[in-house]
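Nothing in this text is a laboratory measurement; each read-out follows from the coordinates by a stated rule. Predicted model, so just to flag it, every value in this text is computed and none were measured. Cβ sites come from the backbone with ideal geometry, for glycine too, and all protein chains shown count toward neighbours.
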Amino acid sequence: MPEINLKYSNKEIIDNFFENLTCDEYQESIFKGGQSYADHALNNLDINGYAKKRNNVYPSEKRGSSYLSPYIRHGLLGLKEVWDYVENFDYQDRNKFRDELLWQEFSRHLYAIIGRKNKEFLNFYIKNDPGEIVQNQKMNCISTIENELESTGYMVNQTRMWYSSHQMFRTSNQWQESEDYMYKHLVDGSRFANRLGWHWVMGSQTGKIYGFSKFQVKKRAPKICNECQLQNECPIEDWPKVMSISNKDIEIDLNIENNFGPQTILTSNEKPHYVWINGESLGDEDPALSHFSELPVIFIFDKGLLKNLNLSTKRINFLLDTLKEINEKRELTVYLDNPENVLMKKKYASTFAPVPKYKKITKNAKPTVEFPAKRLIAPINFYPRSFSAWRKKTKMAL
Ligand SMILES: Cc1cc2nc3c(=O)[nH]c(=O)nc-3n(C[C@H](O)[C@H](O)[C@H](O)COP(=O)(O)OP(=O)(O)OC[C@H]3O[C@@H](n4cnc5c(N)ncnc54)[C@H](O)[C@@H]3O)c2cc1C
């Protein structure tokens with residue numbers, strides 16, 4: 001089993017182990033991985049003015065975004081922890097910010113229920129209008145967004161909406177290709193939040209589309225328009241038109257245990273010898289990791305999966321930083337292999353992750369002890385057709 005020795009630099013590890021598994025040459029993002037960096041980001045979180053500033057794009061100093069997303073996505077910060085942290089901020093800012101944390105939880109719930117079916121349209125088929133297609137490399141808004149994504153590993157929510165709307169309604173690409181591109185480069189990229197964002201923009205969940213035009217750029221990032229070669233012949237002067245929107249059915253299993261995993265700790269007669277952690281939950285407060293604080297830890301980069309995903313080295317760097325910090329506190333072995341093979345003969349403890357890959361791995365290589373996933377909202381046994389429908393019927397899992 002190929003083991004990765006964490007005493008080497010990230011560059012040496014990436015060059016030696018990740019050749020042909022990533023989409024770019026060695027690159028660092030603007031985020032450092034690791035619990036201490038996540039804690040630092042949370043302890044310095046200031047959401048004063050968030051409600052007003054959240055949608056600002058450029059200049060970047062005017063943004064209200066927290067930049068917490070990579071830490072939340074990889075479980076270094078729990079949604080509940082972040083929720084509690086903002087308790088003493090102004091009502092408006094706190095509410096708006098907590099609403100966004102709920103969107104994150106909603107995306108996880110939806111993914112727990114529909115899994116890989118989120119690769120297709122959800123409740124509506126949407127067809128773009130071929131007459132709308134614009135493939136102009138000179139558009140400063142689109143190239144600025146792509147440059148920021150590729151060089152930093154981050155996008156604010158507004159530019160994610162602009163970009164996905166443009167790709168969906170004004171290019172001939174399949175939306176999944178452009179979603180993949182974003183997913184690869186975002187350090188917070190997840191199939192739950194990224195695809196939910198795309199569905200929201202495309203109108204595939206609610207039937208209402210989000211259009212992108214010069215209007216938003218002028219309002220949120222005027223400099224981009226002012227410096228654009230096409231400012232007097234802007235190809236996105238108007239809102240995009242859509243060819244058709246039609247209903248679609250989706251088949252869903254609503255069994256809570258199948259979708260959300262155990263609700264209490266599952267034990268067996270045997271004692272675990274290891275704790276297995278994965279990219280969904282890398283924080284010190286991971287239930288399995290903190291409960292078995294004396295056991296050695298295993299992390300497995302899934303070679304087959306990486307070959308398919310072709311993630312950016314920005315993400316691999318973030319993960320390596322995080323693992324190196326764990327390695328300073330615990331005995332940790334890192335493999336680049338097939339997780340099922342590594343875990344098959346091991347007695348290990350883990351925390352359930354409501355994602356298809358975790359379910360697949362643990363179907364055959366069963367954990368000896370399994371902890372429920374940490375969550376903000378209690379598991380659901382209905383299919384939510386929108387965020388508001390979900391919010392009305394859910395309760396906090398406090
Ligand atoms: C097309 C598209 C793709 C997206 N892809 C991802 C993705 O891959 N991973 C990801 O974590 N988020 C994704 N989002 C949601 C959102 O854009 C990012 O979470 C947010 O921009 C991250 O920056 P931040 O931490 O500074 O956000 P803040 O505005 O500071 O928000 C705080 C936290 O709330 C959560 N959050 C905020 N907005 C949303 C939202 N709309 N949906 C879900 N969670 C939200 C995130 O965990 C975020 O860190 C996507 C949105 C769209 C429209």
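Figures for the structure shown
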| quantity | calculated |
| --- | --- |
| Label-point separation, Asn381 to Gln174 (7 Å along Cα→Cβ), nm | 3.7 nm |
| Long-range amide H partners of Val134 with built H, under 5 Å | Thr171 |
| Amide proton proximity set for Leu311, modelled H, under 5 Å, gap of 5+ | Cys23 |
| 20 Å Cα-Cα reach of Lys346 towards aspartates and glutamates, excluding residues that sit fewer than 8 places from it in its own chain | Glu3, Glu270, Asp286, Glu294, Asp302, Glu331, Asp337, Glu370 |
| Rounded FRET efficiency, nearest 0.05, which uses the C-beta distance separating Lys360 from Glu3 and R0 of 25 Å | 0.65 |
| Gain on full stretching of the segment that runs from His40 to Lys271 - 0.36 nm per residue minus C-alpha separation | 79.6 nm |
| Computed Kirkwood radius, in angstrom, where 1/r is averaged over Cα pairs of the stretch 31-249 | 18.4 Å |
| FRET efficiency for Arg330 and Asp238, using Cβ-Cβ distance with R0 set to 56 Å, rounded to 0.05 | 0.50 |
| Exceeding the 18 Å Cα-Cα cut-off - candidates Lys32/Lys374; Lys119/Lys357; Lys329/Lys374; Lys53/Lys219; Lys214/Lys241; Lys127/Lys248 | Lys32/Lys374; Lys329/Lys374 |
| Table column - 3J(HN,Hα) (Hz), the stretch 153-168, Karplus curve with 6.51, -1.76, 1.60, x for Gly and Pro | x, 9, 9, 6, 4, 4, 6, 5, 5, 4, 5, 5, 5, 4, 5, 6 |
| ³J(HN,Hα) computed for each position of the stretch 386-391 - Karplus, 6.51 cos²θ - 1.76 cosθ + 1.60, integer Hz, glycine/proline x | 7, 4, 5, 5, 5, 5 |
| ³J(HN,Hα), Karplus 6.51/-1.76/1.60, whole Hz, each residue of the stretch 328-337, x for Gly, Pro | 6, 9, 9, 6, 10, 10, 10, 10, 10, 6 |
| FRET E, pair Cys23, Lys395, Förster distance 35 Å, beta-carbon r, rounded to 0.05 | 0.30 |
| Additional length obtainable on full extension of the chain from Leu230 to Asp99, 0.36 nm per residue less Cα span | 43.5 nm |
| Length added when fully stretched, Lys11-Ile256, from 0.36 nm per residue minus Cα-Cα | 84.0 nm |
| Relative contact order [Cα under 8 Å, 6+ residues apart], the stretch 31-249, whole percent | 26 percent |
| Interchain or long-range residues, amide H under 5 Å from Gly34's placed H | Thr322 |
